[in-house]
Amino acid sequence: MAKRALLAGLAVVLTLLAGIIAHPLSAQTARETAPMAPSDTPPQARTEKSPPTVHGLPKAYRRGSAPPKTPAEREKMLSDLYALLATAEDENSAKAVAEAIERVWQHSGSPTIDLLMERAMQAVAEEKLDLAIKLLDHVVALAPDFTEGWNRRAYAYFVKNDVDHALGDLRRALALDPNHFKALEGLAQIMREIGEKKAALKAYRQLLSVHPYWPGAQQAIEELERDVDGQGI
């Protein structure tokens, strides 16, 4: 029974991929149209040979460098980059590190998953949300430990105004990667919109501890602190 179910699932994915291959989407087009794609601004150059700081990225993490080859290497890269981000001395440094983190996030290690993700983000850009969610359903089924699959599906649900499913996927993403600053921002935003101000404040504080220069986070914290003042934060 399990083998038949697996074969049936793979058949569905192959059918989807057949349609994708018939209408290929370039990586450049995906970056230009996907609402959650990282910036193409190159990180600041570093010429000296001293140990890198937040003013410049290690060579292994710069744009165009080789992606991580194993899950262990990926985790090491993210750990190093999150440490750099948390200690960034200015907004430009933080932006360069955040972009490097997003490049690691997007690397699934599977051409099939990468293709499904590309097509899903194109569908979101074209407001074909049901198709996007269907494609991302297969991403999370085939790669349940791939954090970005859950985060991107949460975004598709959010755009569709399906808050319950969006929250569920954001929590799943954060269970896999508690430092995922875009998932934290999404969680904080939704909690604030549904009136859960204490939960929103907690999420924004966590976001700022991960990414100290996240736009609007400090202002949101100050506003929420006033709103929940006296309610036993």
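The values are calculated or read from the model by the stated rules, or taken from the named source; none is laboratory data. Please read these numbers as outputs of a predicted model, since none were measured by experiment. Neighbour counts run over all protein chains shown; Cβ positions are idealised from the backbone, glycine included.
Of note:
- Scanning region 181-217 for residues that are closer than 15 Å to Val163 by Cβ and aliphatic (A, V, I, L, M) returns Ala183, Leu187, Ala188, Ile190, Met191, Ile194, Ala199, Ala200, Ala203.
- Options Asp145, Asp164: the member that is touching a residue at least 24 places away in the same chain (Cβ under 8 Å), of a type outside the set (Gly, Ala, Ser) and either farther than 12 Å from Ala120 by Cα or not in a helix (DSSP H, G or I) (or both): Asp145
- Checking each residue in region 216-233 for being modelled with pLDDT of 95 or more and either touching a Pro at 6+ places or on another chain (Cβ under 6 Å) or part of a loop (DSSP other than H, G, I, E, B) (or both) picks out only Gly216.
- Taking the listed residues Arg152, Arg119, the one that is within 24 Å of Glu75 (Cβ to Cβ) and touching a residue at least 60 places away in the same chain (Cβ under 8 Å) is Arg152, with no other qualifying.
- Residues being closer than 18 Å to Thr147 by Cβ and acidic (Asp, Glu) - total across region 164-215: 3
- Condition check for Ser93: modelled with pLDDT under 95, assigned to a loop (DSSP other than H, G, I, E, B) and at negative phi: no
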